[in-house]
1. How many of the residues making up segment 283-311 are closer than 21 Å to Thr83 by Cα and in a helix (DSSP H, G or I)?
2. Where residues in segment 361-394 are more than 20 Å from Ser124 (Cα to Cα) and hydrophobic (A, V, I, L, M, F, W, C), which of them is least open to solvent (accessible area, probe 1.4 Å)?
3. Go through segment 143-185 and give me each residue that's closer than 18 Å to Arg122 by Cβ, of a type in the set (Ser, Thr, Tyr) and open to solvent by 20 Å² or more (accessible area, probe 1.4 Å).
4. From the set of residues in segment 210-242 that are among the acidic types (Asp, Glu) and under 23 Å from the mean Cα position of the chain (by Cα), which is surrounded by the most Cβ atoms within 10 Å (Cβ to Cβ)?
5. Of (1) in contact (Cβ under 8 Å) with a residue 12 or more places away in the chain; (2) surrounded by fewer than 20 Cβ atoms within 10 Å (Cβ to Cβ), Gly348 satisfies all except one. Which?
6. Residues to consider are Thr354, Thr319, Thr358, Thr325; find the one that is surrounded by 21 or more Cβ atoms within 10 Å (Cβ to Cβ), assigned to a helix (DSSP H, G or I), in contact (Cβ under 8 Å) with a residue 12 or more places away in the chain and in contact with a strand residue (DSSP E or B) (Cβ under 8 Å, 6 or more places away or on another chain).
7. Can you tell me which residue is nearest to Ala384 (Cα to Cα) among those in segment 77-131 that are touching an Asp or Glu at 6+ places or on another chain (Cβ under 6 Å) and of a type in the set (S, T, N, Q)?
8. Looking at segment 176-183, is at least one residue touching a helix residue (DSSP H, G or I) at 6+ places or on another chain (Cβ under 8 Å), among the acidic types (Asp, Glu) and not in a helix (DSSP H, G or I)?
Amino acid sequence: MIDTPEGTPVTSTGTLVRAALPPAAEASPPQAPKAAKPRGARLRALDGLRLLAALMVAAYHYGGRDGDVAQAWGSSPRVQFPTLSPYFAYGCLGVQVFFVISGFVICMSGWGRPLRSFFASRASRLLPAYWAAILIVTAVFALPVVAYKTVSPSDTLVNLTMLQMPLGVDRVLGVCWTLWAEIRFYALFALCIVLPGASRRRVILFCACWTLAAAIAQGADQPLLDIVLMPEYAPFFIGGVGLYLVHRDRRDAYAWGIVVVSWLIGQHTAVESLWHPRNVDAFSYRTTFGIVLVVTLGFLAVAAIALGWLSRADWRWLTVAGALTYPFYLVHEHLGWVVIEGLHRGLGIPSYGTFLLTVAAMLLLAWLLNRFVEERFTPKLRAALSRPRAQPEP
């Protein structure tokens, strides 16, 4: 959801810092992959899709749901956006699109990397902006003029570990539950693929076993299995991994099989979790067709990138968009409430103007986080975590 293609750091000016990845060792005699674009080349269209998914989630948080955002607006978003709020309600599916992208990107960035390098890449990518977002949101919510409840100092400290979800601690960032899903995916991929060494056969076996195990977990209804195997979200991660195999070789029948099975299961899990009968007391109503359509379009968009159909979308500003996506995703929800309340209720700016200005403000904050936090600290953290341990003298 939140990763840079190929696991490379990106600056907001579009500068790339690439690490040379060793070629993957195949378990069977290697064949030249029929990739749509040379491996190692940046897929800028994927950056644009990531930002689009983040904007979908923002539309949901600002105008497609009730709760604290209704307090910010002074009334239900359904009143503020009578025409668009039913469409904004589908924005929550941007998370599923993120997970498909994440499966693609993690397989691409982890292929051929040693475990230390993979861990360093993931930790340095996630933590600097995350820590900054935790501190900023905590500080803003602690201000006397802000009406929203802040978490306790003890819970804030636990949030810095990214383990608040399994520990049952109050969250500083509402979106951090998706990071918990990402971390579990990273752990599974690292243990099953990165540690033994990536190969086409191993990745296919990983996808097949995880799909079957997630289905069993769904039927077993055991909390521990649900935590480890994530049956609700596994099809999207697995589908993204399958699409990376398609990117390597578009004629790979096994890869296409993984994608199709993942889509079939994924649309079902999305409908099961997001559809409900029409109810006057419910804020939003999403049709089954609408849910399936958004999930399908997400898979198709990543598939189009994997096949090289969007290779002409190679504009540098898409790299900037990709660099802003993760910090924007972290800060947009809770800080967005504060901005919405100040602009709409404080200054009297109309709903649609407030919506656009809030998105712009969060993108500006994301740029500042990328420029002054990620660009400075991500390379330093990656270097520190990648540094080989010094051998003690005899």
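The values are calculated or read from the model by the stated rules, or taken from the named source; none is laboratory data. Because the structure is a prediction, the values reported are computed rather than measured. Positions of Cβ are backbone-derived with ideal geometry, glycine not excepted, and every protein chain shown enters the neighbour counts. SASA here: full protein model, heavy atoms, side chains in, ligands and nucleic acids out. Shrake-Rupley method; radii C 1.70, N 1.55, O 1.52, S 1.80 Å.
1. 6
2. For segment 361-394, the residue satisfying everything is Met362.
3. Thr161
4. Applying the filter and picking the extreme gives Glu232.
5. (1)
6. Thr319
7. By that ranking, first place goes to Ser109.
8. no
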